[in-house]
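The values are calculated or read from the model by the stated rules, or taken from the named source; none is laboratory data. Values in this document were obtained by computation on a predicted structure and should not be read as measured data. Here the Cβ positions follow ideal geometry from the backbone for every residue, glycine too, while neighbour counts run over all protein chains shown.
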Amino acid sequence: MTLIASGGIRTAHDLAKADLPGADGAVIGTAEMVALECVRCGNCESGRGCARGIASTDSELADLFDEEWATQRLVNLYHAWNVQLVEILQQCGLSSVKELVGRTDLLEHVDYSR
Ligand code: SF4
């Protein structure tokens with residue numbers, strides 16, 4: 001069985017926090033969309049579609065979307081997360097993201113009510 005976490009994965013720290021209780025991987029669609037300058041307006045399927053051309057079947061709007069620019073933005077996102085994950089792994093004394101999976105002993109409950 002493979003467990004995939006989804007929802008609220010916005011940073012590399014969120015990814016690590018999903019892995020610690022046992023997730024083997026995570027869906028990070030929203031962070032990727034925001035990296036492409038999606039403003040989360042929710043109009044993807046309304047009218048002609050996304051005014052930014054991100055999610056549109058309208059060829060005029062789709063032409064606004066520069067695939068080369070978008071690819072570089074995603075590469076930048078994954079690179080930044082990779083740097084952060086390496087820092088997290090070093091802080092935990094681990095050498096791979098797979099070693100995070102199921103390490104509930106590394107989780108600590110922080111009580112903000114005090
Ligand atoms: S319409 Fe475009 S900017 Fe708005 S949520 Fe959809 S993809 Fe994002």
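For segment 9-19, indicate whether the set of residues that are modelled with pLDDT of 90 or more and within 14 Å of the ligand (Cβ to nearest atom) is non-empty. No, because not a single residue in segment 9-19 is modelled with pLDDT of 90 or more and within 14 Å of the ligand (Cβ to nearest atom).
Residues checked against (1) within 25 Å of residue 22 (Cβ to Cβ); (2) among the charged types (D, E, K, R):
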{"position": "66", "(1), (2)": "no, yes"}
{"position": "72", "(1), (2)": "no, no"}
{"position": "98", "(1), (2)": "yes, yes"}
{"position": "102", "(1), (2)": "yes, no"}
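Return the only residue of 99, 60, 87, 68 being among the acidic types (Asp, Glu) and closer than 20 Å to residue 4 by Cβ. The match here is 99. Applying the condition of being in a loop (DSSP other than H, G, I, E, B) and of a type in the set (Val, Ile, Thr) to segment 62-114 and asking which residue is nearest to residue 24 (Cα to Cα) yields 101. The condition of being in contact (Cβ under 8 Å) with a residue 60 or more places away in the chain and either on the phi > 0 side of the Ramachandran plot or β-branched (Val, Ile, Thr) (or both) does not hold for residue 53. Each residue in segment 104-114 was checked for being under 13 Å from residue 19 (Cα atoms) and loosely packed, with under 15 Cβ neighbours inside 10 Å, and 3 pass.
Of all residues in segment 29-42, exactly one satisfies the criterion of being of a type in the set (A, V, I, L, M, F, W, C), surrounded by 14 or more Cβ atoms within 10 Å (Cβ to Cβ) and more than 14 Å from residue 75 (Cα to Cα), namely 38. Given the criteria within 12 Å of the chain's Cα centre (by Cα), of a type outside the set (S, T, N, Q) and either over 24 Å from residue 105 (Cβ atoms) or assigned to a helix (DSSP H, G or I) (or both), does residue 31 qualify? So residue 31 fits the description; yes.
Filtering segment 49-66 to residues that are surrounded by fewer than 13 Cβ atoms within 10 Å (Cβ to Cβ) and within 15 Å of the ligand (Cβ to nearest atom) leaves 57, 60, 63, 66.
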